[in-house]
Amino acid sequence: MVLFSGVAFTSPSAAEKLGLPFVQAYLQPINPTREFPSVLLPHPAQGGAIYNYATHAIGGYRIWLRLRPVLNAIRREMLSLKPMPLLRPLPRHVPA
């Protein structure tokens, strides 16, 4: 089993190559929530649940767009894996 945080963003790909399960273990809130806005999109406005969730989705996607080319180069050149899609892997569960 591979345990990783956001700093080691290539760990899931390495685990995939080795056929090992992996677990995300972040020290900060990383999954979208309606409870508070993302720290990636600081804004003084208070927008409520939909706004809070949207800041997480948009912030996460912005990071994904920056990391994807690097990650795909590593996946292709070093690990011989298929590239990740443009639309990042989304959460399997959207909170009610």
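The values are calculated or read from the model by the stated rules, or taken from the named source; none is laboratory data. All values derive from a computational prediction rather than experimental measurement. Reconstructed Cβ throughout: ideal geometry from the backbone, glycine too, with neighbour counts over all protein chains shown.
Pro91 meets each of the listed conditions (1) assigned to a loop (DSSP other than H, G, I, E, B); (2) at pLDDT 90 or above; (3) surrounded by 11 or more Cβ atoms within 10 Å (Cβ to Cβ) apart from (2). State whether one or more residues within the stretch 37-44 are modelled with pLDDT of 85 or more and surrounded by 10 or more Cβ atoms within 10 Å (Cβ to Cβ). Scanning the stretch 37-44, I find at least one residue that is modelled with pLDDT of 85 or more and surrounded by 10 or more Cβ atoms within 10 Å (Cβ to Cβ), so the answer is yes. Give the number of residues within the stretch 45-79 that are of a type in the set (Gly, Ala, Ser) and loosely packed, with under 13 Cβ neighbours inside 10 Å. So the answer is 5. Checking each residue in the stretch 1-13 for being closer than 20 Å to Leu65 by Cα, among the aliphatic types (A, V, I, L, M) and surrounded by 12 or more Cβ atoms within 10 Å (Cβ to Cβ) picks out no residue at all. How many residues are without any contact (Cβ under 8 Å) to a residue 40 or more places away in the chain and under 22 Å from Arg66 (Cβ atoms) when one looks only at the stretch 26-40? Number of matching residues: 9. Every test in (1) modelled with pLDDT under 80; (2) within 24 Å of Met1 (Cα to Cα); (3) of a type outside the set (D, E, K, R); (4) surrounded by fewer than 12 Cβ atoms within 10 Å (Cβ to Cβ) is passed by Ala25 save one, and that test is (1).
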